Amino acid sequence: MNDLPELYFRIRENGAAVFRIDTENRMRRIEMEQIAVVNTRNGEIKPQGGRALPDHEMARIRDWLRDRQALLARRDTDDILRTVDHLNQTAHWAQTRASDAQLAQVTDALLLAMHDLRSVLVRKKAERADPDQAG
């Protein structure tokens, strides 16, 4: 049981609950004590139970937070690249296999979503080209 990490991060929607792992008790059972809550969106770390966390635990939690935020950012980018693939597959489907009834069912929703996306992308690209015009 000595191979267990000192801290365990129970992933949740906006971060994680952080638990201290204890196997050094009389019964040799794994005990988990919640010591903090981490928010990946705003980077907040809230110790639980009115305690101050030791520097080494805070450092480990900050490392986990940094790594988790980087992973989530990579996943976001990967999701968008998959969306590009889906759009290409949708174009092929519309051109080669879709029936008139299927096209009638999806055309307006797709056109509106693509128009909205195009508008956002064009505006963001213009802002990057001329940061003084942002706002």
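Each reported figure results from applying straightforward, stated rules to the coordinates on display, with no laboratory input. Values in this document were obtained by computation on a predicted structure and should not be read as measured data. Here the Cβ positions follow ideal geometry from the backbone for every residue, glycine too, while neighbour counts run over all protein chains shown.
Residues in the stretch 81-119 that are of a type in the set (Val, Ile, Thr) and exposed (fewer than 10 other Cβ atoms within 10 Å of the Cβ): Val84, Thr96. Of all residues in the stretch 11-32, one or more are within 15 Å of the chain's Cα centre (by Cα) and closer than 30 Å to Met114 by Cα.
For the stretch 118-133, does any single residue satisfy the condition of being in contact (Cβ under 8 Å) with a residue 12 or more places away in the chain and either closer than 23 Å to Glu6 by Cα or more than 25 Å from the chain's Cα centre (by Cα) (or both)? No; the residues of the stretch 118-133 include none that is in contact (Cβ under 8 Å) with a residue 12 or more places away in the chain and either closer than 23 Å to Glu6 by Cα or more than 25 Å from the chain's Cα centre (by Cα) (or both). Listed by position, the strands (runs of 3 or more DSSP E) contained in the stretch 1-117 that have at least 3 residues being touching a residue at least 24 places away in the same chain (Cβ under 8 Å) are 7-12, 15-22, 31-39.
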